[in-house]
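Working notes for the structure below.
The values are calculated or read from the model by the stated rules, or taken from the named source; none is laboratory data. These numbers were taken from a predicted model, which means no experiment stands behind them. Positions of Cβ are generated from backbone atoms using ideal geometry, with glycine treated the same way; all protein chains shown enter the neighbour counts.
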Amino acid sequence: MLAQSGVNQIMAFEKICSLDDVWEGEMEVFETTDGVEVLILGLEGGRVKAFQAMCPHQDIALVEGSFKDGVLTCRAHLWQFDMESGKGLNPTDCHITEYPVQIEGEDVYVNVEGLEPARSHT
Ligand code: FES
């Protein structure tokens, strides 16, 4: 729970959306107060994960791709990512940055501090 976290941790996490905003199997982009776009995904079992919003290949919005069976496919050149880990499935020498998530009640908090979106020029 946030109330039991350290003060710095509380400040680093910020509310980005509600659980109601992202149902299982869905994804949506939200923005932090500092303008960082975050891709929020609803995974199996009601879990929520947060990743960088843009494809590491050529900066296409990942939300414009498809999300099925835990795999996100970019619409532009069909790169695929395992959305449990952010690791590239095709190609395998890439990944997307995952942001820590905390849930408090219905609120989804993310922490983007110190984390840069991954880029790849494969
Ligand atoms: S921009 Fe996403 S695969 Fe090329």
Report summary line: Conditions (1) over 12 Å from the mean Cα position of the chain (by Cα); (2) within 13 Å of the ligand (Cβ to nearest atom); (3) assigned to a loop (DSSP other than H, G, I, E, B) -> Gly88 fails only (3)
Query raised in the report: Taking region 28-78 as the search range and keeping residues that are within 9 Å of the ligand (Cβ to nearest atom) and of a type in the set (Val, Ile, Thr), which one is nearest to Ile103 (Cα to Cα)?
Result: Thr73
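Could you check how many residues of region 88-122 are among the aliphatic types (A, V, I, L, M) and touching a Gly at 6+ places or on another chain (Cβ under 9 Å)? Reasoning before the result, please.
Initially, region 88-122 is screened for residues among the aliphatic types (A, V, I, L, M), giving 89, 96, 101, 103, 108, 110, 112, 115, 118.
Among the residues that remain, those that are also touching a Gly at 6+ places or on another chain (Cβ under 9 Å) are: 96, 118.
Residues meeting the conditions: 2.
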Query - Candidates Ala61, Ala50 - the one that is buried (at least 20 other Cβ atoms within 10 Å of the Cβ) and either touching a residue at least 12 places away in the same chain (Cβ under 8 Å) or on the phi > 0 side of the Ramachandran plot (or both) - result: Ala50
Query raised in the report: Which one of Glu98, Glu24, Glu37 is at pLDDT below 95 and among the acidic types (Asp, Glu)?
Result: Glu24
Query raised in the report: Could you say whether any residue in region 96-112 is within 14 Å of the ligand (Cβ to nearest atom) and touching a strand residue (DSSP E or B) at 6+ places or on another chain (Cβ under 7 Å)?
Result: yes
